[in-house]
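Inspection log for the structure reproduced underneath, given as structure tokens.
The values are calculated or read from the model by the stated rules, or taken from the named source; none is laboratory data. Not measured: the values here are computed from a predicted model. Here Cβ is always computed from backbone atoms with ideal geometry, including for glycine, and neighbour counts include all displayed protein chains.
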Amino acid sequence: MKLQPNAFKLALQKGESQLGIWLGLCNPIAAEICAGTGYDWCLIDCEHAPNSTESTLAQLQAMAPYPIEPVVRPAWNDPVEIKRLLDIGARNLLIPMVQSAEQARAAVAAVRYP
């Protein structure tokens, strides 16, 4: 199966502005509604909303048929959580609580598989 190009990443590389929406409702129906609004991206918030891996997966699945790029914010800069999000199909992550170069390096290392 061929994956669609990551429109969010391509637009960032080109320096193009994008409009997005924040989703903290932990519900695939709400995610599908947001996906159909015409925004470029939708952030699924796992830091300030009680999203589990399962509820995040359901929201990613609900958005999949739409031309919107989901962005997932993990609850923390945690390599295990980051890998789980990547495993369920999150292509764009917004890592919270990065306060130092060392924490930034840890986040980058977490998205790379050995």
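Values computed for the structure shown
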quantity	calculated
Failed criterion for Arg112 (all others in (1) under 12 Å from the mean Cα position of the chain (by Cα); (2) modelled with pLDDT under 95; (3) not small (Gly, Ala, Ser) hold)	(1)
Residue check, Gln59 more than 23 Å from Ala35 (Cβ to Cβ) and either out of contact with any His (no Cβ under 9 Å at 6 or more places or on another chain) or modelled with pLDDT of 95 or more (or both)	no
Any strands (runs of 3 or more DSSP E) falling wholly within segment 7-101 and containing at least 1 residues that are crowded, with 18+ Cβ neighbours inside 10 Å and basic (Lys, Arg)	69-73
Neighbours by Cβ (under 9 Å, 6+ apart or cross-chain): first from segment 1-24, free of Cβ contacts under 8 Å to residues at least 24 places away in the same chain and under 14 Å from Trp41 (Cα atoms); second aromatic (Phe, Trp, Tyr) and surrounded by 11 or more Cβ atoms within 10 Å (Cβ to Cβ)	Gln18/Phe8; Gln18/Tyr39; Gln18/Trp41; Leu19/Tyr39; Leu19/Trp41; Ile21/Tyr39; Ile21/Trp41
The listed residue being modelled with pLDDT of 95 or more and either within 22 Å of Thr53 (Cβ to Cβ) or hydroxyl-bearing (Ser, Thr, Tyr) (or both), out of Ala11, Ala35	Ala35
